[in-house]
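Here's the structure, in structure tokens; my notes come after.
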Amino acid sequence: VPLQASGGGLVQPGGSLRLSCAASGITFSRYGLGWFRQAPGKEREFVAAIGWSGGLLNYADSVKGRFTISRDNAKNTAYLQMNSLKPEDTALYYCEAVIYGGSTSDGRVYTYWGKGTLVTVSS
């Protein structure tokens, strides 16, 4: 599994978390990265994406202004900074990658993914 998400946990509404996506076995700098999430009983949904060059960013409307995606190619890691968390952000979060990808929200184009990390927002 070339991608491993981490950093999830239990946080109160209004709190913050930073998720990390560590890559191995791929040339990380050549890959666009996307964060997706799936809540219990719901379909998987797009959260945020960053292009392989780092210049293209894309966010779901539901997280704009609250979440920030970034990448550090030297560390083969992507991040998702999540602020002002809401109970509806509760989900399993996981990262996906596509070679020379832009910042697409279309989950069908991603070719690598890994185990997710659980985020629970509750008081």
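The values are calculated or read from the model by the stated rules, or taken from the named source; none is laboratory data. If you're wondering where the values come from, they're calculated on a predicted model, not measured in any experiment. Virtual Cβ from ideal backbone geometry, glycine too; neighbours counted across all protein chains shown. Side chains are part of the model used for accessible areas, which takes the heavy atoms of the whole protein and leaves out ligands, DNA and RNA. Shrake-Rupley method; radii C 1.70, N 1.55, O 1.52, S 1.80 Å.
Among what's in region 79-102 and is assigned to a loop (DSSP other than H, G, I, E, B) and open to solvent by 20 Å² or more (accessible area, probe 1.4 Å), pick the residue that is nearest to S20 (Cα to Cα).
Let us first name the residues in region 79-102 that are assigned to a loop (DSSP other than H, G, I, E, B), namely 83-86, 90, 100-102.
Those still in the list that are open to solvent by 20 Å² or more (accessible area, probe 1.4 Å) too: 83-84, 86, 90, 100, 102.
Details: N83: 15, S84: 18, K86: 19, T90: 17, Y100: 20, G102: 19 Å.
Step by step, filter region 79-102, then rank; the result is N83.
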* To do: Please give the number of the condition F46 fails out of (1) of a type outside the set (A, V, I, L, M); (2) surrounded by fewer than 17 Cβ atoms within 10 Å (Cβ to Cβ); (3) touching a helix residue (DSSP H, G or I) at 6+ places or on another chain (Cβ under 8 Å).
  => (2)
* Subset of region 27-62 (residues that are in a helix (DSSP H, G or I) and either under 12 Å from the mean Cα position of the chain (by Cα) or over 19 Å from S6 (Cα atoms) (or both)) -> S29, R30
* Look at R71 and say whether it is basic (K, R), open to solvent by 30 Å² or more (accessible area, probe 1.4 Å) and part of a strand (DSSP E or B). => yes
* Asked: G14 versus (1) small (G, A, S); (2) assigned to a loop (DSSP other than H, G, I, E, B); (3) modelled with pLDDT under 95; (4) exposed (fewer than 14 other Cβ atoms within 10 Å of the Cβ): which is the lone unmet condition?
  -> (3)
* **When residues of region 75-115 are limited to those that are free of Cβ contacts under 8 Å to residues at least 60 places away in the same chain and among the basic types (K, R), the one farthest from N58 (Cα to Cα)** => K75
